[in-house]
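To start, the structure under review is shown below, and the notes come after it.
Values in this text are rule-based calculations from the coordinates and carry no lab data. Note that the coordinates shown come from a computational prediction; the quantities given were computed from them, not determined experimentally. Cβ: placed from backbone, ideal geometry, glycine included. Neighbour counts: every protein chain shown.
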Amino acid sequence: MSLRVNLDKPYGQRMFEAHRYDAYKELENISVELGEQQDSYEVLADRLSKCCADIDKIEERAKLEKENGQADVSSCFHKRCELLKLLINAVSIILRLTPVMKSRAELMTGALSSQVGRLTLQAHTDRSDLAARHMDNECFMLNLSWNSLSGEQSSKIQRSQQVLAENWHKLNMPVEGCDCLQCTKRLHLEQN
């Protein structure tokens, strides 16, 4: 499933999809490069930190589209974006301070790209944003445990690991009070 921009959609939605694709692709590229060790870890950590600005662009576009009545943005959208930025920064800190954990950073960066890919302007229908639906299904199957990280590490790394452990599951959980399709699906499955 491609996250490429659908040219049949209105301009604002195309811009949203373009920003989403750019952020998704950059996180995917960083994940691959971590595996191949093409750049220094410091360079990759810097690029990872800059992905937060891409999330800001996605949020701003969603806000504009909602204000213009062109989007059905979910009530969980902002919270998910904030969690993404928090987790991206935590992975960046871990990568900067301990390249020994690069395989964990590689896995997490790839998983975060899928989380970015599931952001959508259509909170209550999944017919027009097939890429987000595909990424949502992919994220739903991801079950990463960041509690298992161990070893002698600085307090800053331990805090970053704690942020990962405490917040990763929140990205895949329903947000209280949100009735978007993604939250409703997760809530329904939790109850069964």
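Determine the sum of side-chain charges near residue 87: Lys and Arg each +1, Asp and Glu each -1, restricted to other residues whose C-beta is under 12 angstrom from that of residue 87.
Numbers: positive: 80, 85, 170; negative: 82, 166.
Result for the neighbourhood of residue 87: +1.
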Label-point separation in nm, residue 50 to residue 78, each point 7 Å along Cα→Cβ: 2.8
Zero-based 10 Å bins, Cα pair distances in the chain, whole percents: 9, 37, 34, 16, 3, 0
Helical segments meeting 18 Å axial Cα length and Kyte-Doolittle -0.5 threshold in the chain (DSSP H): 77-97, 102-117
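Would you work out the charge dipole size for the chain about its Cα centre, treating the Cβ of every Lys and Arg as +1 and the Cβ of every Asp and Glu as -1, and quote it to the nearest 20 debye?
Numbers: 25 positive and 28 negative charges, 31 e Å.
Using Cβ point charges on Lys, Arg, Asp and Glu, the chain gives about 160 debye.
Let me check against my output: what whole-number percent is the relative contact order of the stretch 11-191, with C-alpha pairs under 8 Å and at least 6 apart? Walk me through the numbers before you get to the answer.
On the way: 217 pairs, mean separation 46.2, N = 181.
Reported relative contact order: 26 percent.
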Dipole of the stretch 11-191, positive end: most advanced residue of 40, 181, 169 [Cβ charges, Cα centre]: 169
The chain: calculated mean residue ellipticity at 222 nm from DSSP helix runs of at least 4, using -39500 (n - 2.57): -23000 deg cm²/dmol
Length released on extending from residue 9 to residue 124, taking residue separation times 0.36 nm less the Cα-Cα span: 39.7 nm
Theoretical gain in end-to-end length, residue 66 to residue 43 [0.36 nm per residue, Cα-Cα removed]: 4.7 nm
Lone cysteines, the chain (no partner Cβ under 4.7 Å): 51, 52, 81, 139, 180
